[in-house]
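K.L.:
The structure is given below, and queries will be raised subsequently.
The values are calculated or read from the model by the stated rules, or taken from the named source; none is laboratory data. This structure is a prediction, so every number in the text was calculated from the model and none was measured. Every residue, glycine among them, receives a Cβ derived from its backbone with ideal geometry; neighbour counts consider all protein chains shown. Each accessible area value is taken on the protein alone, full model and side chains, heavy atoms only, with ligands, DNA and RNA left out. Shrake-Rupley method; radii C 1.70, N 1.55, O 1.52, S 1.80 Å.
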Number of protein chains: 2
Amino acid sequence: MSTPPIVILCGFMATGKTTVGRALAEMLGVPFVDTDALVEARAGTSIAEIFAREGEARFRDLEAEVCAALSFPHDASGGASGAVIATGGGALLRDETFKRLQALGTLVLLEATLDEVLRRAATMGPRPMLASMDDAAAARTHAQRLHDERRPAYHRIDRRVDTTRRRAEEAAFEIAEQLRRAPDRGTVLHMRAGARPVPGRDPRPGEDGLTRIVVGRGTLARLGEWMRDSGLAGPAFVLVSRTVAGHHGAAAKAALEKAGLRNKFIEIDDSENAKTFEQAEGLLYELVDAGATRDGTVIALGGGVTGDVAGFVAATYMRGLPLVQVPTTLLAQVDSSIGGKVGVNHPRAKNLLGAVYQPQLVLSDVDVLATLPDREVSSGMAEVIKTAIVGSPELFARLEKAGKKVPLRDGAFLEECVTACARVKARVVEEDPYEQGPRRVLNLGHTVGHALEAALGYGVLTHGEAVAIGMLAALRLSVKRKLAAASFETTARRIIEACGLRTRVSEVGDDLLQAMSLDKKRRASGFSFVLPAAPGDVRIMDDVTEQEIVAAFNSTQKG
Amino acid sequence: MSTPPIVILCGFMATGKTTVGRALAEMLGVPFVDTDALVEARAGTSIAEIFAREGEARFRDLEAEVCAALSFPHDASGGASGAVIATGGGALLRDETFKRLQALGTLVLLEATLDEVLRRAATMGPRPMLASMDDAAAARTHAQRLHDERRPAYHRIDRRVDTTRRRAEEAAFEIAEQLRRAPDRGTVLHMRAGARPVPGRDPRPGEDGLTRIVVGRGTLARLGEWMRDSGLAGPAFVLVSRTVAGHHGAAAKAALEKAGLRNKFIEIDDSENAKTFEQAEGLLYELVDAGATRDGTVIALGGGVTGDVAGFVAATYMRGLPLVQVPTTLLAQVDSSIGGKVGVNHPRAKNLLGAVYQPQLVLSDVDVLATLPDREVSSGMAEVIKTAIVGSPELFARLEKAGKKVPLRDGAFLEECVTACARVKARVVEEDPYEQGPRRVLNLGHTVGHALEAALGYGVLTHGEAVAIGMLAALRLSVKRKLAAASFETTARRIIEACGLRTRVSEVGDDLLQAMSLDKKRRASGFSFVLPAAPGDVRIMDDVTEQEIVAAFNSTQKG
C-alpha cells in the first residue's frame, strides 16, 4: 500500500471543509485535524470570541502558529502517518501559512457557488466573517467582496473540487480521485447528472451517478486506463468515422489494448445529413452481430454527429450500454460531448428521436485538435466565447488579454479553454440535467444562430459562425436595453474577430423572422431569449419580441 | 386553509420516526412532539436507564400515561393546533395506547427493511431494545423476532410509508401525500427510481425523482385529477388500442376533461407482433403532427405491449416527454407498468431498442379488469404468485387461504393483489433501477418460461402460463437442492392450479435446452437462476446448470 497522504483542504467559508474533511479522512483511513479547533484549544476560547475581542489579525496569528506546529511522521516507521487537515477559510491569505501547508502535503481547494455558500451559512449558524450582517443582501455583497479578495490566494491551488449539490461522501470521493491524479493524466472534473451505474460494478461510496470528464494533452493514450478506473472493463465498441479513424484510430486502439480491453471498431458516417435513424438502426444491428451484451461499452470517437448518433445507439441498445465520449473537435470538446443530449434527426424534425443519456466518461485530448482545419477551430472558439460569457469571467478576461493574436494552434491555450468550458458546462448541466430552465443559458446566440442556419440554407455558415453572429445580436439587444455596457459588446466583438470568425452575412431579413417563428412553434410555451449582462452574468428573458431581435441583428450588420 | 392535522408516526425502531417527524412538522408548519422525550421528562431519567432499572413494562406504563395526557386544541379558536407526534417503537402494543392515539389523529406507519433498520441502528448509537446484542447475527435475529411480535399491531394501520433509501424530507413528502388521500382515491405508493422532473414544474421539496403509483377501484375516473396533482397539466396524448378504447376510452376522456386537460387519442396496435420500431416511428410522427411539445404528456392506456411501445415513444420524443402508465390488464398492473422498462422488438432481437424510463404516474384501476377474458386474468395471476413468492409472505398466505376458490372476479381481492404486488415491485425496482443485480429476483420462473415460449412457438402458452410452469421447475430444483421444503412446492402448485393455470405442457425436451442456450448467449456473463427458498426469500444462484434445470422441469412434468 502507498503512504497515506496528507491532504490540506482550503476554501471559502461553508464550502464543506469540515464535513467533507471528516468524510475524506474516514475514506482514506487517516485522522482528521481541524485547525479552527486547534486555534480554539491554543487560545482557550471560541473563534467568535477571538474575532470579537482581538480582531481577525490575532486570529490569523494563532492560525499561522498552529499551522507551523503541524507535524506528521512521513515514513512508515513512525506509526500513524497521513491526515486530512481542514483549514480556516482565510488561512491562505498569509504567504507563510500557504508555504507551510504546501510543504506539508497536497492542497485541495473546495469551491461552491455563492448561492450555495449563503444557503449553507444560513443553516449552519453564525459565522465570524458574516457576524454583523443582518440582511441577506448585505451578506451576499460582503461574501462576494471577501471571496474576491481571496481569489488570488485560491488561484494558486491546482487541485479543486466543487462541493455544490454534493453530499460529503460524494465530494470526498472526488477529492480522493484528484489525489490519485498524476500531472500527465490531465485535469479530472466530476459531473453528477445521473449517469447510470456500470453493470457488474459495485460503485464505491460517493461514486454513484458520476460522469468523469478528463481534459489534457496526450490523454487519448490513457483512454483504456481511464475506462478501467471508471469500471468499464468489458468489450469496447468504438464508433468512428473513416476520417477520424485515419487520424486517431491507431492511438485509440493501442490505448485500449494497453489496458487489456477487447475492442471492435465500427464505422460511422459523421456527415450532418447522416444523423438519421437509418444509420442508428444499422449500427444497432452491427452491435447485435458483434455480440454486444450489457457488459460492453460504446465509445463515440469523433465530433458532434458521432457523439449524437453513437450516444443514441448506446442509450437504446438493450435499454442502455455504458457510454464514453471521446470528442475530437473543439466544438464537441467544449460543448456537445458534455451534458448527455443524444439523438438523430428526421426530415420533418431535428432530434425527433433522442434521449438525455449521460456518459460515464468524457475524455478530451486537445492534442487531437491539431488535425482540424482552421475554420473548424475558429468555429469551436465561438462556443468557447459563449461559455466564457455564460459562466467564466476568468476565461473571458483571458481571451480579451490575447488581443488580436488568439493562439488557436497553441496546445496549452486550448487546454485552458477546454478545461474552463468543461467546468462551466458541467456545473450548468448538474443544475438542470433535463433543460427545464437554468440550462437554457447555454442557448446564448443560438436562437438567431439556428434561424440564420435555416434562412441561409445549412452548410453556408458553420454552427459556430452562426452562433457568433447570434451572440452579437444578443449583445446589441442587451446594450439597447441598457442591460449591458457598450464596452462589453465591443470587447466580445473584438474577441470574435480575433478568433477568425465572421460577424456579417449577406442580407437575410424576412427569412430570419420566418425561421425564428418556425423555431418558436416547436417550443412548449412562449419564447425565451438569453441576454448577456456581463461576463458570467446572463439572463433568460421572456419579454423579448422577434421584431426586437431582428432589429438588433440588422443593426449589428450595418456596423 | 384546512385545519392543521394531528399526525402520529408509529413504527419499528430506526424507521425514522424522529427525523422524519421533524421534517414533516416543518413541512406542515406544526409543532413536533416526541413521546420518548416526554417519557424522559416525566421520569426524570433516560429511557436507557428506565429499561435498565425498571424494565420494559415500566417504560410502557409511562408511555401510556404520556399518550393519555396528549391534548391539542382541535378548533381554530384555540390558537396553535395540529402536531406531528413520534411514538416509541412499541407504543402500539398496548391496546389502550393504540386507541388513544387513533382517537387523537391520523396514524401513519413508518416501515423500513430489516437491513436498513440494522444499518441505521448501528450508526445511531445503542438502542434499548438491542442493548444486549453484541454481534450482528444476534441483533438481526432479535430484531426480526421483535418485529414479528409487533406485526399484528402495525397491521392495524392503513396508511404506510416505507422510509428505506429516503431522506427525511422525501419521506415527509410521501406522508403529506398520504394525509391528503381520501378513501375513494385509492392507495398511493411512491417509488423513487429516477423519474424526471416535470417540465415547467418546480418540484416541491421531497418530490424529486418520484413515481406515484395509485391502485384502487374506480380510480380511472380520477386520472386527470391525479395528473394535475403530479404537475402534468399540459396536453395529454393517449396511446390506446381500438379494443381498449372501446372499453375505457370514454371514461379516460371524461376524466381528463373533468380536470380541464386537453387531450388527443392516438390509435396503437397492441398485438405482440406490432411491438416494432415501425409502429413507434409512426407514433412519433403522429406526435409531430399533433404539435406535441415538451409540456405534453404521453399516456399509455392498455396492456404490456401498449406500455412498452408508448413508453418508448415517450422516452425518445424530443429526448423525453412525461409518461403516465394506465395499465388495463392484470399482468400490466402487477408487473410491466412499474419499473420503467420500455422498448420495441426487432426480428433479430427482443427489445433491441429500448430504455429504462420511469413514468411520473402509474394508475391502476382494478375495475377495468372486469372486461378481461378469464384466461388473461389467470395469466396475470401467475405474476401475482411470482411476486408473492419473491417478496410478500402475507400475499402468499392470502392466496393459500383462498384454497380452491381463488376469487378471480372479485374486485376487493384483485385490489389486494395489485396493491401488494405494486408494493413489492416498487421496492425491488428502487433498489436496482437498472437491473444490475437484486432486481433479477423478479425473473423467477422466467428462464424456463421464456424458453418454453420459444420452444413451443409464441402464442401456444400465454406469458403467465409459461412463467407458472417455470416457477414450478424452479421450486422443484429448490426442493431437490434442499433449499426449500417440499410443502412449499406443494402449496405453490395448489395455488397455481386454483388460479386456473396449467402446470403441464406436451413434450419439449431438447428444444427447451436449446432455447435456454440461446437465451444464455444474450447475457453479459454466465447464467444466473432464481431459486425460491420460502415465501419472501428467493436467491439468485450462479451455479445452476442447464441440465439441472431441464431435469427439474422434466420431473415436474412427470408428476
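K.L.:
From the list A:Val406, A:Val377, A:Val448, A:Val344, exactly one residue is hydrophobic (A, V, I, L, M, F, W, C), part of a strand (DSSP E or B) and either touching a helix residue (DSSP H, G or I) at 6+ places or on another chain (Cβ under 6 Å) or open to solvent by 10 Å² or more (accessible area, probe 1.4 Å) (or both). Which is it?
P.N.:
One residue alone meets the criteria, A:Val344.
K.L.:
Across the range B:459-510, what is the total count of residues that are in contact with a Lys or Arg (Cβ under 6 Å, 6 or more places away or on another chain) and open to solvent by 60 Å² or more (accessible area, probe 1.4 Å)?
P.N.:
Summing the residues that are in contact with a Lys or Arg (Cβ under 6 Å, 6 or more places away or on another chain) and open to solvent by 60 Å² or more (accessible area, probe 1.4 Å) in the range B:459-510 gives 0.
K.L.:
Yes or no: the range B:421-429 includes at least one residue that is within 14 Å of another protein chain (Cβ to nearest Cβ) and touching a residue at least 24 places away in the same chain (Cβ under 8 Å).
P.N.:
Yes; the residues of the range B:421-429 include at least one that is within 14 Å of another protein chain (Cβ to nearest Cβ) and touching a residue at least 24 places away in the same chain (Cβ under 8 Å).
K.L.:
Ok, one more. Would you pick out the residues in the range B:1-35 that are open to solvent by 50 Å² or more (accessible area, probe 1.4 Å) and of a type in the set (Asp, Glu)?
P.N.:
B:Glu26
K.L.:
Looking at A:Ala388, A:Ala397, A:Ala426, which one is outside the structural domain of A:Gly304 (by TED's automatic domain parsing) and open to solvent by 30 Å² or more (accessible area, probe 1.4 Å)?
P.N.:
Unique residue meeting the criteria: A:Ala397.
K.L.:
Another question about this same structure. Of all the residues that make up the range A:148-159, how many are open to solvent by 20 Å² or more (accessible area, probe 1.4 Å) and either over 21 Å from A:Val428 (Cα atoms) or at pLDDT below 85 (or both)?
P.N.:
7
K.L.:
Assess whether B:Tyr317 counts as being under 24 Å from A:Ala195 (Cα atoms) and either open to solvent by 30 Å² or more (accessible area, probe 1.4 Å) or within 11 Å of another protein chain (Cβ to nearest Cβ) (or both).
P.N.:
Criteria met by B:Tyr317.
K.L.:
Please pick out the residue among B:Pro322, B:Pro235 that is modelled with pLDDT of 95 or more, surrounded by fewer than 20 Cβ atoms within 10 Å (Cβ to Cβ) and within 11 Å of chain A (Cβ to nearest Cβ).
P.N.:
That would be B:Pro235, the only listed residue that is modelled with pLDDT of 95 or more, surrounded by fewer than 20 Cβ atoms within 10 Å (Cβ to Cβ) and within 11 Å of chain A (Cβ to nearest Cβ).
K.L.:
Return yes when A:Gly260 is in contact (Cβ under 8 Å) with a residue 12 or more places away in the chain and under 23 Å from B:Tyr434 (Cα atoms) and no when it is not.
P.N.:
For A:Gly260, the condition - in contact (Cβ under 8 Å) with a residue 12 or more places away in the chain and under 23 Å from B:Tyr434 (Cα atoms) - is not met.
K.L.:
Run A:Arg348 past the list (1) within 12 Å of chain B (Cβ to nearest Cβ); (2) touching a Gly at 6+ places or on another chain (Cβ under 7 Å) and report the number of the one that doesn't hold.
P.N.:
(2)
K.L.:
Another one. Which ones in the range A:358-368 are touching a helix residue (DSSP H, G or I) at 6+ places or on another chain (Cβ under 8 Å) and surrounded by 23 or more Cβ atoms within 10 Å (Cβ to Cβ)?
P.N.:
A:Pro359, A:Leu361, A:Val362, A:Leu363, A:Ser364, A:Asp365, A:Val366, A:Val368
K.L.:
From (1) assigned to a loop (DSSP other than H, G, I, E, B); (2) open to solvent by less than 70 Å² (accessible area, probe 1.4 Å), pick out the condition that doesn't hold for A:Phe59.
P.N.:
(1)
K.L.:
Just name the residue that is modelled with the highest pLDDT out of those in the range B:435-445 that are open to solvent by less than 40 Å² (accessible area, probe 1.4 Å), assigned to a loop (DSSP other than H, G, I, E, B) and out of contact with any strand residue (DSSP E or B) (no Cβ under 7 Å at 6 or more places or on another chain).
P.N.:
Selected residue: B:Gly445.
K.L.:
Scanning for something at pLDDT 90 or above, within 14 Å of another protein chain (Cβ to nearest Cβ) and under 30 Å from B:Arg294 (Cβ atoms), does the range B:180-193 turn up at least one residue?
P.N.:
Yes, the range B:180-193 contains a residue that is at pLDDT 90 or above, within 14 Å of another protein chain (Cβ to nearest Cβ) and under 30 Å from B:Arg294 (Cβ atoms).
K.L.:
Can you run down the residue pairs with Cβ atoms below 8 Å, 6 or more apart or on separate chains, where the first is in the range A:150-163 and closer than 7 Å to A:Val108 by Cα and the partner is open to solvent by 50 Å² or more (accessible area, probe 1.4 Å)?
P.N.:
A:Arg160/A:Glu111
K.L.:
Which residues, taken from the range A:160-206, are open to solvent by 50 Å² or more (accessible area, probe 1.4 Å) and under 19 Å from A:Thr419 (Cβ atoms)?
P.N.:
A:Arg160, A:Arg180, A:Pro183, A:Asp184
K.L.:
What pairs come up if the first residue lies in the range B:310-330 and is in contact (Cβ under 8 Å) with a residue 60 or more places away in the chain, the second is among the charged types (D, E, K, R) and assigned to a strand (DSSP E or B), and their beta carbons are under 9 Å apart, counting only those six or more places apart or on different chains?
P.N.:
B:Val326/B:Asp365; B:Thr328/B:Asp365
K.L.:
So which of B:Ala290, B:Ala250, B:Ala259 is aliphatic (A, V, I, L, M), open to solvent by 10 Å² or more (accessible area, probe 1.4 Å), more than 21 Å from the chain's Cα centre (by Cα) and within 14 Å of chain A (Cβ to nearest Cβ)?
P.N.:
Just a single option satisfies the conditions, and that option is B:Ala290.
K.L.:
Is it true that A:Ser77 is open to solvent by less than 20 Å² (accessible area, probe 1.4 Å) and at pLDDT below 90?
P.N.:
no
K.L.:
Residue under question is B:Thr97, and the condition is that it be touching a strand residue (DSSP E or B) at 6+ places or on another chain (Cβ under 7 Å) and hydroxyl-bearing (Ser, Thr, Tyr); does it hold?
P.N.:
no
K.L.:
Going by what's in this entry, would A:Glu278 be described as surrounded by fewer than 24 Cβ atoms within 10 Å (Cβ to Cβ), within 14 Å of another protein chain (Cβ to nearest Cβ), among the acidic types (Asp, Glu) and over 16 Å from A:Val240 (Cα atoms)?
P.N.:
In short, yes.
K.L.:
May I ask you to say which residue of A:Glu257, A:Glu225 is closer than 27 Å to A:Leu109 by Cβ, touching a helix residue (DSSP H, G or I) at 6+ places or on another chain (Cβ under 9 Å) and not polar (S, T, N, Q)?
P.N.:
Testing whether each residue is closer than 27 Å to A:Leu109 by Cβ, touching a helix residue (DSSP H, G or I) at 6+ places or on another chain (Cβ under 9 Å) and not polar (S, T, N, Q) leaves just A:Glu225.
K.L.:
Run A:Ala355 past the list (1) more than 10 Å from every other protein chain (Cβ to nearest Cβ); (2) part of a strand (DSSP E or B); (3) open to solvent by 10 Å² or more (accessible area, probe 1.4 Å) and report the number of the one that doesn't hold.
P.N.:
Evaluating A:Ala355 over (1) more than 10 Å from every other protein chain (Cβ to nearest Cβ); (2) part of a strand (DSSP E or B); (3) open to solvent by 10 Å² or more (accessible area, probe 1.4 Å) leaves (1) as the failure.
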